[in-house]
Amino acid sequence: MSAVAMEKRGAPRHRVFKHGILAFPGGGAIDCTVRNISDTGARVDVDSPIGLPEVVTLMISTDHFVRQCRKVWCNDNRIGLAFD
């Protein structure tokens, strides 16, 4: 990871490997894998980012974690989320 990428982050991220759900406003959801997380955002992997809205709710049931977030970048099946 480059120093430039690290400078853009508002908080240090912690590597994880957890099942999550991205819920959409108005209904619908997809499974995701949470790969890293911080106080300000997360990186998730999805099967396909096609049709993913800009605003979603990330839920990690094992941690009782629910946070509204917005998509800030997408690269193939990897998505960067910033928490609102």
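The values are calculated or read from the model by the stated rules, or taken from the named source; none is laboratory data. On a predicted model such as this, the values are computed, not experimentally measured, just so you know. Heads up, the Cβs are rebuilt from the backbone with ideal geometry, glycines too, and the neighbour counts pull from every protein chain shown.
Remarks
- Subset of the stretch 30-44 (residues that are part of a strand (DSSP E or B) and touching a His at 6+ places or on another chain (Cβ under 9 Å)): ASP31, CYS32, THR33, VAL34, ASN36, ILE37
- Taken over the stretch 45-84, the residue count meeting the criterion of being of a type in the set (Asp, Glu) and in a strand (DSSP E or B) is 1.
- When the residues of the stretch 11-22 are filtered to those that are crowded, with 16+ Cβ neighbours inside 10 Å and over 15 Å from THR62 (Cβ atoms), the one that is modelled with the lowest pLDDT is ARG13.
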